[in-house]
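Student: Below is one structure. I have some questions about it.
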Amino acid sequence: MNFKKMSFKIIAIIILFTGIQSIFAQNIDRYKSEIFSEIDTIPNVQYGAALNLNNENENLLLNIYTPKTDIVKNRPMIIFIHGGGFLNGDKSKGYQIKYCKSFAKRGYVTSSINYRLGINKTRTDTDYAEAMLRAVQDAKAAVRFFRKNFVEYGINPNQIFISGGSAGSMTALQLAYMDQNEVPKTIDQKKWGNVEGTSGNEGFSSRVSGVINCYGAMIDINWIKKGDVPVFSMHGNADLTV
């Protein structure tokens, strides 16, 4: 018997068995535990553009996070919208980075997006509502972007979830539950457009499969109706702002 050939066969069987065990373990723990130690980051991908409060055309950018060396290509996705009172914040700073990386290590594709910031100086309720509408329009464009490019990024286009913190989570909730006929009448839609907006990737659905709400709020709770997508909410009783 050729000992060298036999040794290679045994090693190959061990590698194959170990690989099967690894895949089986990933299938059990995937999406629940951090099974990937490293992730890949694709920064500053342009997903659209729109006129901002200064009447300038603003490029809309996002970051993408994926598990490194992942063989799965039909993965659920979470899009995170940063907070900051519609005045500040950034996709690349703060809590959302830890959030996106942690879920990417669990096997999800995640993204942190920037959107048009700014509130008119008069600071009326309408000014805030218009700032929120612009954010919703941009976030919808981001959803459409990933549905348009699902093959390139290895995404299941039927499992795109939306999340955010504070103002970003308010945006996520309104994106999922505010219909066109529910947009506040005081908003100047001739200027800013309808709920879908024109921020990019027209022709694709902006519907999400669910909302992960981190200390956000609805304008009107009655906008959530029977048959709408589910929402998971987290909030602390020390929050006196939202």
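The values are calculated or read from the model by the stated rules, or taken from the named source; none is laboratory data. As the structure is a computational prediction, the values presented were derived from the model and not from experiment. Here the Cβ is made from the backbone with ideal geometry for all residues, glycine too, and neighbour counts use every protein chain on show.
Student: Check Val229, Val208, Val195 and return the single one that is touching a Ser or Thr at 6+ places or on another chain (Cβ under 7 Å) and closer than 20 Å to Gly164 by Cβ.
Tutor: Val229
Student: While we're on this one: Suppose we filter Val208, Val242 for residues that are assigned to a loop (DSSP other than H, G, I, E, B), under 19 Å from His82 (Cβ atoms) and touching a strand residue (DSSP E or B) at 6+ places or on another chain (Cβ under 6 Å); which single one remains? Spell out the reasoning first.
Tutor: On the way: Val242 fails: touching a strand residue (DSSP E or B) at 6+ places or on another chain (Cβ under 6 Å).
Result of the check over Val208, Val242: Val208.
Student: When you look at Gly164, is it modelled with pLDDT of 95 or more, in contact with a Lys or Arg (Cβ under 7 Å, 6 or more places away or on another chain) and buried (at least 17 other Cβ atoms within 10 Å of the Cβ), yes or no?
Tutor: In short, no.
Student: Follow-up question, since we're still on this one. Please verify whether Gly203 is at pLDDT below 95, in a loop (DSSP other than H, G, I, E, B) and farther than 18 Å from Arg134 by Cβ, treating the condition exactly as stated. Explain how you work it out, then say what you get.
Tutor: Working: at pLDDT below 95: no; in a loop (DSSP other than H, G, I, E, B): yes; farther than 18 Å from Arg134 by Cβ: yes.
Considered against the rule, which asks whether it is at pLDDT below 95, in a loop (DSSP other than H, G, I, E, B) and farther than 18 Å from Arg134 by Cβ, Gly203 comes out as no.
Residue-wise test of (1) in contact with an Asp or Glu (Cβ under 7 Å, 6 or more places away or on another chain); (2) assigned to a strand (DSSP E or B); (3) free of Cβ contacts under 8 Å to residues at least 40 places away in the same chain; (4) aromatic (Phe, Trp, Tyr).
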{"residue": "Ile35", "(1), (2), (3), (4)": "yes, no, no, no"}
{"residue": "Ile42", "(1), (2), (3), (4)": "no, yes, yes, no"}
{"residue": "Asn54", "(1), (2), (3), (4)": "no, no, no, no"}
{"residue": "Glu58", "(1), (2), (3), (4)": "no, yes, no, no"}
{"residue": "Phe103", "(1), (2), (3), (4)": "no, no, yes, yes"}
{"residue": "Lys121", "(1), (2), (3), (4)": "no, no, yes, no"}
{"residue": "Ala129", "(1), (2), (3), (4)": "no, no, no, no"}
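Student: Hey, can you tell me all the residues within the range 219-238 that are outside any loop (DSSP other than H, G, I, E, B) and aliphatic (A, V, I, L, M)?
Tutor: Ile221, Val231, Met234
Student: Out of Asn2, Asn27, Asn57, I need the residue that is modelled with pLDDT of 95 or more and not small (Gly, Ala, Ser). Which one?
Tutor: The match here is Asn57.
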